[in-house]
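**Q** Structure incoming, see below.
The values are calculated or read from the model by the stated rules, or taken from the named source; none is laboratory data. If you're wondering where the values come from, they're calculated on a predicted model, not measured in any experiment. Cβ placement follows ideal geometry from the backbone for every residue including glycine, while neighbour counts extend to all protein chains displayed.
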Amino acid sequence: MLIIEKLKFYYKHKWLPRRNKRLAENIHNSAPVLTDDASKAEIHVLTSSKDYLMLLWALKSFYHVSGKRYPLVIHDDGSLGDAEADVLMKHFPNARLIKKAEADAEIKKALVNYPKSLEFRFSNHLAPKVFDFFHFASRERILLMDSDVLFFEKPEVLINRIEDADYLKNSVNADVADAYTIDPAIATEQLGVIIPSRFNSGLGLIHRQSLAPGVVEDLLALPGIIGHFWRIEQTIYMLCSAKWGCELLPQEYNVHLGSGIKGPVRHYVGAVRQQFYDEGIKTLLNRLTRRS
């Protein structure tokens with residue numbers, strides 16, 4: 001019980017040293033980013049009241065180092081307050097912010113003929129990353145990004161794959177290990193496709209049609225697929241990508257649990273989330289200072 005309480009404590013960011021919290025809040029003083037509707041790719045993010053500050057850093061770091069202005073769609077998980085939503089829209093005035101009530105009403109209609117998908121969408125807090133991203137996307141290419149990602153250099157390979165019209169695969173960062181709700185051997189037997197190992201749904205290029213509701217509905221019928229509450233969303237993304245065509249990003253994009261920046265971007269997953277502030281923001285600001 002003590003471990004669980006500590007995890008809750010960390011996850012709510014109360015572990016942050018006051019100095020680091022003030023450092024993180026400096027993002028509020030940064031200039032707005034005007035996104036461009038002319039792009040063929042679109043960023044989709046699902047965020048919350050406790051993660052919106054991280055999201056500001058994630059998005060601002062991407063737009064800064066990449067030089068891109070992909071249009072942005074921010075999905076509210078239901079906890080985002082008016083003040084937090086106003087902050088996000090102040091920094092990204094051209095973005096579309098989709099509140100949960102709006103999304104729920106539309107998705108309920110969109111999934112009326114997909115009962116397994118409908119049940120999953122309204123029973124799992126990460127399911128909007130699958131159904132809502134597909135439904136509200138206005139581009140075929142989605143840049144999938146979690147709130148706990150920081151960019152330190154231009155992610156050349158990721159950008160090239162997004163913008164190469166001939167590149168037709170989904171491409172994401174590799175996890176530290178497989179984190180699926182279904183045995184890859186069973187999935188291979190049932191679907192007849194090669195199951196990618198260490199697929200992580202926190203960052204990457206996703207082709208919208210790979211998430212088509214009919215595809216997801218069929219996947220939700222696989223035996224044993226409904227499992228761990230956060231692994232199921234990642235498993236759905238992995239299986240959709242396996243059926244569509246999938247390639248992991250290069251090694252320098254990999255998730256890792258140690259310290260240090262090993263590539264152009266780092267995904268600070270739950271086990272190392274505190275390093276987003278302790279390491280990530282400090283490193284980013286130091287690099288920006290050296291360049292100025």
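**Q** Here are 212, 242, 187: which of them is surrounded by fewer than 16 Cβ atoms within 10 Å (Cβ to Cβ), in contact (Cβ under 8 Å) with a residue 24 or more places away in the chain and over 21 Å from residue 256 (Cβ atoms)? Steps first, answer last, please.
**A** Working: 242 fails: surrounded by fewer than 16 Cβ atoms within 10 Å (Cβ to Cβ); 187 fails: surrounded by fewer than 16 Cβ atoms within 10 Å (Cβ to Cβ).
Testing whether each residue is surrounded by fewer than 16 Cβ atoms within 10 Å (Cβ to Cβ), in contact (Cβ under 8 Å) with a residue 24 or more places away in the chain and over 21 Å from residue 256 (Cβ atoms) leaves just 212.
**Q** Still on this model: Identify all residues within segment 110-138 that are surrounded by fewer than 22 Cβ atoms within 10 Å (Cβ to Cβ), of a type in the set (Phe, Trp, Tyr) and either under 20 Å from residue 95 (Cβ atoms) or in contact with a Gly (Cβ under 6 Å, 6 or more places away or on another chain) (or both); write none if there are none.
**A** Within segment 110-138, 133, 136 qualify.
**Q** (1) at pLDDT below 95; (2) touching a Pro at 6+ places or on another chain (Cβ under 6 Å); (3) within 30 Å of residue 24 (Cβ to Cβ): which one isn't true of residue 153, the others all being true?
**A** Answer for residue 153: the failing condition is (1).
**Q** Filter segment 89-102 for residues that are in contact with a strand residue (DSSP E or B) (Cβ under 6 Å, 6 or more places away or on another chain) and either under 10 Å from residue 52 (Cβ atoms) or part of a loop (DSSP other than H, G, I, E, B) (or both) and give the result.
**A** 92, 95, 99 - these are the residues of segment 89-102 that are in contact with a strand residue (DSSP E or B) (Cβ under 6 Å, 6 or more places away or on another chain) and either under 10 Å from residue 52 (Cβ atoms) or part of a loop (DSSP other than H, G, I, E, B) (or both).
**Q** In addition: Are any residues in segment 58-79 free of Cβ contacts under 8 Å to residues at least 40 places away in the same chain and under 12 Å from the mean Cα position of the chain (by Cα), and if so, which ones?
**A** Within segment 58-79, 74 is the sole residue that qualifies.
**Q** Residues being surrounded by fewer than 17 Cβ atoms within 10 Å (Cβ to Cβ), modelled with pLDDT under 60 and either more than 30 Å from residue 142 (Cα to Cα) or over 21 Å from the mean Cα position of the chain (by Cα) (or both): count how many of those fall in segment 1-57.
**A** Number satisfying all stated conditions: 15.
**Q** Turning to a different aspect of this structure: I'd like the residue in segment 64-83 that is touching a strand residue (DSSP E or B) at 6+ places or on another chain (Cβ under 9 Å) and either in a helix (DSSP H, G or I) or of a type in the set (Phe, Trp, Tyr) (or both) and, out of all such residues, is surrounded by the fewest Cβ atoms within 10 Å (Cβ to Cβ).
**A** Within segment 64-83, the match that is surrounded by the fewest Cβ atoms within 10 Å (Cβ to Cβ) is 64.
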